[in-house]
1. The chain: Rg/Rh from Cα coordinates, Kirkwood Rh?
2. Amide H to amide H under 5 Å from Val223: which residues, 5+ apart in sequence or cross-chain, H placed 1.01 Å off N in plane?
3. What's the carbon and sulfur percent of the chain's accessible surface, probe 1.4 angstrom, rounded to a whole number?
4. Roughly what would the spin-label model give for Arg17 and Trp266, points 7 Å off Cα along C-beta, in nm?
5. Could you check the simple spin-label distance between Asp135 and Thr44, using points 7 Å along Cα→Cβ, in nm with one decimal?
6. Accessible area per residue of segment 177-241 at 1.4 Å probe, in Å²?
7. When only C-alpha pairs under 8 Å and at least 6 residues apart count, what is the relative contact order of segment 53-153, in percent?
8. Mind jotting down the three principal axis lengths of segment 185-244 based on Cα atoms? Whole angstrom, largest first.
Amino acid sequence: MSDDLTFARGILARAERVVVFTGAGVSAESGVPTFRGPGGLWKTFRPEQLATPEAFARDPRLVWEWYGWRRDLVAACPPNLAHVVLARWMLLRGGVTLVTQNVDDLHERGAEEAALGLLREGRLAAAAVNGDEDDLRAAARPIAARAAPIRLHGSLFHVHCTRCGEQREHHGAVDATSETTLPRCAACGGLLRPGVVWFGEALPEGALEAAFAAAAVAHVCLVVGTAGAVQPAAALVDEAAGAGARVIVVDPGKTAYDGMADVRLWGTAGEMVPALLAGSGS
Ligand code: OAD
């Protein structure tokens, strides 16, 4: 094992409170494209045409077509080892706050898989589980919620009503053949928009505060798969480091945090996260 990996494991083992900060790279091995770098979404698409309130006001059909495509793509991608091992580690260890910029819900799905696995192994207790698969899944859900991330940029599977402001989950295919077929609010008939944060918009109320509060008291900040290019989310790591946290960065490419990292692990999330967390109760 490399010295860096051993050192990082030691730091994590001694840390009472950890904040984990993830970006698109943690989902890359699931098949979800990142935003920047080779094959990144912003290489092919222009954010100002698709990911701003102005773009939606100008052409809601085009914007919905793109988000519908991303939603279908992500729904067909499974969580990878990094999502599952991270969630398993959080559930067994406690004291970890996960903050993500991702809108793909793969941390949530990874947590369900982790909770199911731990229930099957008898490593977590749950009431009224008799081995029946439906029972087991029902018991896993509230456990998985304990490893749910704070989502800084919303979710592809949430919508907001542009008229009454109603927010809710929304799954399934989106018919973007014309403006009249776009999803509508069940309450007021208003046009629904994707529940993601667009450029120029404020982050969800409470999420940023909760994330920064966790960063301010963390002993370690573990950063996985983010270039650190988008504010205010990216400043989470500066907040943690400024308050004294050790910083561990897992990424195969350069990031904005390379100069400040106490440990820099050059590798993919799928290989490095399991290696890092192995042996610490996961
Ligand atoms: P980026 O696309 O900017 O960065 C992805 C990072 O993942 C890069 O540092 C890559 O080197 C790294 N990476 C690639 N493959 C990886 C792998 N297998 N394992 C680990 N890391 C890998 O994505 P984000 O930093 O998430 O915002 O981007 C931040 C925000 O910019 C997004 O939330 C989105 C985007 O515009 C909004 O839409 C508001």
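1. Working: Rg = 19.3 Å, Rh = 19.7 Å.
Rg/Rh for the chain comes to 0.98.
2. Result for Val223 returns Phe21, Ile248, Val249, Val250.
3. Ligands and nucleic acids excluded, carbon and sulfur give 53 percent.
4. 3.4
5. For the pair Asp135/Thr44, the computed spacing is 4.6 nm.
6. Working: 2670 Å² over 65 residues.
Accessible area per residue, segment 177-241: 41 Å².
7. Working: 97 pairs, mean separation 33.2, N = 101.
The value is 33 percent.
8. 50, 22, 19
The values are calculated or read from the model by the stated rules, or taken from the named source; none is laboratory data. The model shown is predicted, which means the values in this text are computed figures rather than measured ones. Cβ atoms come from the backbone with ideal geometry, glycine included; neighbour counts cover every protein chain shown. Just so you know, the surface numbers come from the protein's heavy atoms only, side chains and all, with ligands and any DNA or RNA stripped out. Shrake-Rupley method; radii C 1.70, N 1.55, O 1.52, S 1.80 Å.
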